[in-house]
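**Q** For reference, the structure I am asking about is given below.
The values are calculated or read from the model by the stated rules, or taken from the named source; none is laboratory data. As the structure is a prediction and not an experimental result, all values here were calculated from the model. All Cβ positions, glycine included, derive from the backbone under ideal geometry; neighbour counts span all protein chains shown. Areas reflect the complete protein model, heavy atoms only, side chains present, ligands, DNA and RNA absent. Shrake-Rupley method; radii C 1.70, N 1.55, O 1.52, S 1.80 Å.
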Amino acid sequence: MGDAIKVALFGASGKTGQAFARAGAAKGLVIRASVRDAAGAILPSTIEILRGDLGDADHIRDTITGAKVVCCVFGPRPPHIDVFCARATERIMDSMRRLEVRRLVCQTGAMIGGDVANWRPTVRLLARMFRWQRPAVAADRMRQEKLVRESDLEWTVVKPPRLTDGPIRGCVAAGVDLRIGLLSKISREDLASFLVGECVAPSYLKQAVYVTG
């Protein structure tokens, strides 16, 4: 691939982050991964791991330094009550600007934001239920996505529906106008492959793209 692409990965200890690390390493990416707690995470031996917190500006700077691309795949884990995504993303983007790193790939979710044209009626209902049951988390994720979309960076927002632990199938449907239904899903392995592709050869610059398996 010529000169290896250096990627700063935030959220590496989660299932999607681990899948990205495997897929990226297989493609020859040079990955520096930010983790708060690596316990239980299975990460390739070829990647560099930095332990730290997303509230620590120095840790964020150290993770990004030397990177060409930043990839964010963090989010609240069950029971989905943590509110941190928007502020962490804002810190990451601030550090990117200071370090003159332009490319950002950020995963949010299919029910985040207000793209109701992409939602089938059942998904509209689920999105309303999510905002009612977890108002602080929903508002945080919406602000995170808004910050990215309105930024001056070379961003891509990736919006998967329900994530599964299934194997890679190698068949991903993607599009800014893709319709999402109740049965829409994608494996984390397929999502990781798509995210890696956007890091290597962007197809959706300054666009929010929906993906399904």
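**Q** Give me the pairs, please: first residue somewhere in the range 157-178 and in contact (Cβ under 8 Å) with a residue 24 or more places away in the chain, second residue anywhere and among the β-branched types (Val, Ile, Thr) and in a loop (DSSP other than H, G, I, E, B), beta-carbon distance under 6 Å, and either six or more positions apart or on two chains.
**A** Short answer, once both residue conditions are applied: Val157/Thr108; Lys159/Thr108.
**Q** State which residue is farthest from Val158 (Cα to Cα) when the search covers only the range 64-82 and only residues that are β-branched (Val, Ile, Thr) and under 16 Å from the mean Cα position of the chain (by Cα). I'd like the intermediate steps shown before the answer.
**A** First, pick out the residues of the range 64-82 that are β-branched (Val, Ile, Thr): 64-65, 69-70, 73, 81.
Next, from what is left, pick out any that are under 16 Å from the mean Cα position of the chain (by Cα): 64, 69-70, 73.
On the way: Ile64: 20, Val69: 15, Val70: 13, Val73: 10 Å.
Among those that are β-branched (Val, Ile, Thr) and under 16 Å from the mean Cα position of the chain (by Cα), it is Ile64.
**Q** For the list (1) among the aromatic types (Phe, Trp, Tyr); (2) open to solvent by 20 Å² or more (accessible area, probe 1.4 Å); (3) modelled with pLDDT of 90 or more, I need the number of the one condition that Phe130 fails.
**A** (3)
**Q** In the range 147-188, what count of residues is obtained for those that are under 13 Å from the mean Cα position of the chain (by Cα) and modelled with pLDDT of 95 or more?
**A** Taking the range 147-188 first, the residues under 13 Å from the mean Cα position of the chain (by Cα) are 148, 155-161, 163, 188.
Filter again for modelled with pLDDT of 95 or more, leaving 148, 155-160, 188.
Counting residues in the range 147-188 that are under 13 Å from the mean Cα position of the chain (by Cα) and modelled with pLDDT of 95 or more gives 8.
**Q** Exactly one of (1) on the phi < 0 side of the Ramachandran plot; (2) surrounded by fewer than 19 Cβ atoms within 10 Å (Cβ to Cβ) is unmet by Cys72. Its number?
**A** Unmet for Cys72, out of (1) on the phi < 0 side of the Ramachandran plot; (2) surrounded by fewer than 19 Cβ atoms within 10 Å (Cβ to Cβ): (2).
**Q** Quick check on my filter: what residues within the range 90-142 are hydroxyl-bearing (Ser, Thr, Tyr) and not in a helix (DSSP H, G or I)? Give the derivation first.
**A** Pass one, the range 90-142, residues hydroxyl-bearing (Ser, Thr, Tyr): 95, 108, 122.
Thr108, the sole residue that qualifies.
**Q** Restricting to the range 24-34, name every residue that is under 19 Å from Leu191 (Cβ atoms) and more than 14 Å from the chain's Cα centre (by Cα).
**A** Correct list: Ala25, Ala26, Lys27, Leu29, Ile31.
**Q** Considering only residues that are more than 26 Å from Gly166 (Cα to Cα) and of a type outside the set (A, V, I, L, M), look in the range 1-21 and name the one that is least open to solvent (accessible area, probe 1.4 Å). Give the steps one after another, and end with the answer.
**A** First, pick out the residues of the range 1-21 that are more than 26 Å from Gly166 (Cα to Cα): 1-6.
Filter once more, so that each one left must be of a type outside the set (A, V, I, L, M): 2-3, 6.
Working: Gly2: 73, Asp3: 142, Lys6: 105 Å².
Applying the filter and picking the extreme gives Gly2.
**Q** Scan the range 112-143 residue by residue and report those that are in contact (Cβ under 8 Å) with a residue 40 or more places away in the chain and closer than 15 Å to Gly181 by Cα.
**A** If the condition is that a residue be in contact (Cβ under 8 Å) with a residue 40 or more places away in the chain and closer than 15 Å to Gly181 by Cα, then Ile112, Asp115, Ala117, Asn118, Trp119, Arg120, Thr122, Val123, Leu126 are the ones that fit.
**Q** How many residues does the range 95-107 contain that are open to solvent by 10 Å² or more (accessible area, probe 1.4 Å), touching a residue at least 12 places away in the same chain (Cβ under 8 Å) and either touching an Asp or Glu at 6+ places or on another chain (Cβ under 9 Å) or not hydrophobic (A, V, I, L, M, F, W, C) (or both)?
**A** 5
**Q** Do we find that Gly113 is open to solvent by less than 40 Å² (accessible area, probe 1.4 Å), of a type outside the set (Lys, Arg) and at pLDDT below 90 in this structure? Working first, answer last.
**A** Values: open to solvent by less than 40 Å² (accessible area, probe 1.4 Å): yes; of a type outside the set (Lys, Arg): yes; at pLDDT below 90: yes.
When the stated conditions are applied, Gly113 passes them.
The rows are residues; the columns are (1) surrounded by fewer than 13 Cβ atoms within 10 Å (Cβ to Cβ); (2) without any contact (Cβ under 8 Å) to a residue 12 or more places away in the chain; (3) outside any helix (DSSP H, G or I); (4) not hydrophobic (A, V, I, L, M, F, W, C).
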{"site": "Ala23", "(1), (2), (3), (4)": "no, no, no, no"}
{"site": "Asp37", "(1), (2), (3), (4)": "yes, no, yes, yes"}
{"site": "His59", "(1), (2), (3), (4)": "no, no, no, yes"}
{"site": "Thr63", "(1), (2), (3), (4)": "no, no, no, yes"}
{"site": "Ile81", "(1), (2), (3), (4)": "yes, no, yes, no"}
